[in-house]
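Accompanying notes for the structure given below.
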Amino acid sequence: MAENTTSRDSFSGKTAFIISCIGSAVGLSGIWLFPYRVSQYGGAAFLIPYLFFVVVLGITGVIGEMAFGRAMGTGPMGAFSKALEMRGVKNGDKIGRVIGIIPVLGALGIAIGYAVVIGWFIKYLIEAACGTLVTQPDMAAFFGSIAGPFGSVGYHVAALAITLAVMAFGVSRGIERLNKIMMPIFFILFCVLLVRVAMLPGALDGYAYLFVPHWEALVNPQTWVLALGQAFFGLSLAGSGTLVYGSYLKNDVDVVSSAKNVVLFSTLAAVLSAMVVIPAVFALGVDPLSGPPLLFITLPQVFADMPFGGLFCFLFFLAVACAALTSLVNLFEPPIEALQSQLNMPRWAAVLVVFVVALGVGVFIEDGNAVGAWMDFVSIYAIPLGALCAAIMFFWVCPKGFAKAQAQLGRKKPLGAWFEPMARYVFVGLTALVIVLGIALGGIG
């Protein structure tokens, strides 16, 4: 099937591309999981393995996915086909498209579960705006009523409708504009929350819990394993969204510089969220919890006990909704792009198909336990496998030197000789390790 590249949309420039990639990386993992992990696994000591893996994965995997997409001018299915054809593999076109389905379905799978969770956020945001969220007598029961079977169908539909309506406008008029609005709002609101939390009595205990280093944690293998998982999933490495965004990129953009900015701001967002969440929880004498209970049960109770808590509760859920929506847009783009490029669908039709599929599947996993199991399965198997397939295609299947040449395209200073060996062995090895550890431990991200 011929690829429909004649009317391919693109980002307007480097800044728009970087902001959109940051939007994909700044997600719920950094907001509800990172604060817990950094405080439970060594405080400031956890940042050492975390930053190490963020840098290593950023200068290999993030650069690679951006450059791969741009080099091939298409998403995973088309990119894998072109890589195999460059290698001269018989039936490489068909084989590449079949393998390329893995990251596309991985992105769609996570997006389906993500949309359910964003439906919860929309419900919380509306309740917070009305001032009724912080007055709930039993927050656990309130959350349970929403997260039960078919408990938030309307809000789930709203999350899908808002996201896909924006995406129907395309890359430059839809995705790019959404990220340009949402990402600044996210960082501004979290900075406002940071200042407010810092003034709470007892916040210093939270900062101490968060950042006082416990060096003994570094000899615990689990610290390194979870730091690897946090870095890997926090950078949105999946062989899908970042690759597709790269395919909309012009040749004069420096992807190395772009990747550095994505690494910097995604890390900053994770640290910023930790500096808001943990001190706020400590200031009001609540034990920090991991996962959904932290955001949906614990924090609303914290805001309820805070002066002007209703206002700050609204600002918090508005900021989180901004981060979640920009991530969801990135996750839905690979299947939409695949329908456009592989089946020559107009964008509106591709968006409509994805909406129907996402709702048709998602409505049956609205139960909190079901959506958790669904997202665990996809993140353990499909997401890292998609990233591994993309890495092997770009760094091993494409001719030697091709990856480096594409990565330094548009860059004044060439990459060193370290790039391809590090990407081929270190990044591919770490990605394979993420798969093995995820299966063995039931997930590390």
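The values are calculated or read from the model by the stated rules, or taken from the named source; none is laboratory data. Remember, predicted model here, so these are calculated numbers, not experimental data. When we count neighbours, we look across all protein chains shown, and the Cβ atoms used for this are built from the backbone with ideal geometry, even at glycine. Ligands, DNA and RNA are excluded from the accessible area calculation, which covers all protein heavy atoms including side chains. Shrake-Rupley method; radii C 1.70, N 1.55, O 1.52, S 1.80 Å.
Quick rundown of the values:
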quantity	calculated
Of residues in region 32-51 being of a type in the set (Ser, Thr, Tyr) and in a helix (DSSP H, G or I), the one nearest to Ala338 (Cα to Cα)	Tyr50
From Ala440, Ala358, residue being of a type in the set (A, V, I, L, M, F, W, C) and within 25 Å of Gly23 (Cα to Cα)	Ala358
Residue, modelled with the highest pLDDT, within region 199-235, restricted to residues that are in a loop (DSSP other than H, G, I, E, B) and buried (at least 17 other Cβ atoms within 10 Å of the Cβ)	Leu235
Residue match in region 32-47 (condition: at pLDDT 90 or above, open to solvent by 20 Å² or more (accessible area, probe 1.4 Å) and under 16 Å from Val255 (Cα atoms))	no
Every residue from region 413-445 that is of a type outside the set (Gly, Ala, Ser) and free of Cβ contacts under 8 Å to residues at least 24 places away in the same chain	Lys413, Pro414, Trp418, Pro421, Tyr425, Val436
Ala349 without any contact (Cβ under 8 Å) to a residue 60 or more places away in the chain, open to solvent by less than 40 Å² (accessible area, probe 1.4 Å), farther than 30 Å from Ala140 by Cβ and of a type outside the set (Lys, Arg)	yes
Any chance Ala198 is in contact with a helix residue (DSSP H, G or I) (Cβ under 8 Å, 6 or more places away or on another chain), over 24 Å from Tyr50 (Cβ atoms) and in contact (Cβ under 8 Å) with a residue 12 or more places away in the chain	no
2 or more residues modelled with pLDDT of 90 or more, in contact with a strand residue (DSSP E or B) (Cβ under 8 Å, 6 or more places away or on another chain) and among the aromatic types (Phe, Trp, Tyr): qualifying helices (runs of 4 or more DSSP H) within region 236-316	none
Arg87 being closer than 18 Å to Val244 by Cβ, among the charged types (D, E, K, R) and over 21 Å from the mean Cα position of the chain (by Cα)	no
Considering residues of region 8-23 that are open to solvent by 10 Å² or more (accessible area, probe 1.4 Å) and of a type in the set (S, T, N, Q) only, the residue nearest to the chain's Cα centre (by Cα)	Thr15
Filter result for Val286 (surrounded by fewer than 24 Cβ atoms within 10 Å (Cβ to Cβ) and free of Cβ contacts under 8 Å to residues at least 60 places away in the same chain)	yes
Single match in Phe190, Phe142 (criterion: open to solvent by less than 10 Å² (accessible area, probe 1.4 Å) and within 30 Å of Pro307 (Cα to Cα))	Phe190
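Yes/no per residue for (1) modelled with pLDDT of 95 or more; (2) in a helix (DSSP H, G or I):
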| site | (1), (2) |
| --- | --- |
| Thr5 | no, no |
| Arg8 | no, no |
| Thr15 | no, yes |
| Gly30 | no, yes |
| Phe53 | yes, yes |
| Glu65 | yes, yes |
| Ala79 | yes, yes |
| Ala83 | yes, yes |
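Listed here are the residues, each with its yes/no results for (1) among the polar types (S, T, N, Q); (2) farther than 29 Å from Phe186 by Cα.
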site: Gly310; (1), (2): no, no
site: Ala321; (1), (2): no, no
site: Val329; (1), (2): no, no
site: Gln342; (1), (2): yes, yes
site: Leu352; (1), (2): no, no
site: Ser379; (1), (2): yes, no
site: Phe394; (1), (2): no, yes
site: Ala407; (1), (2): no, yes
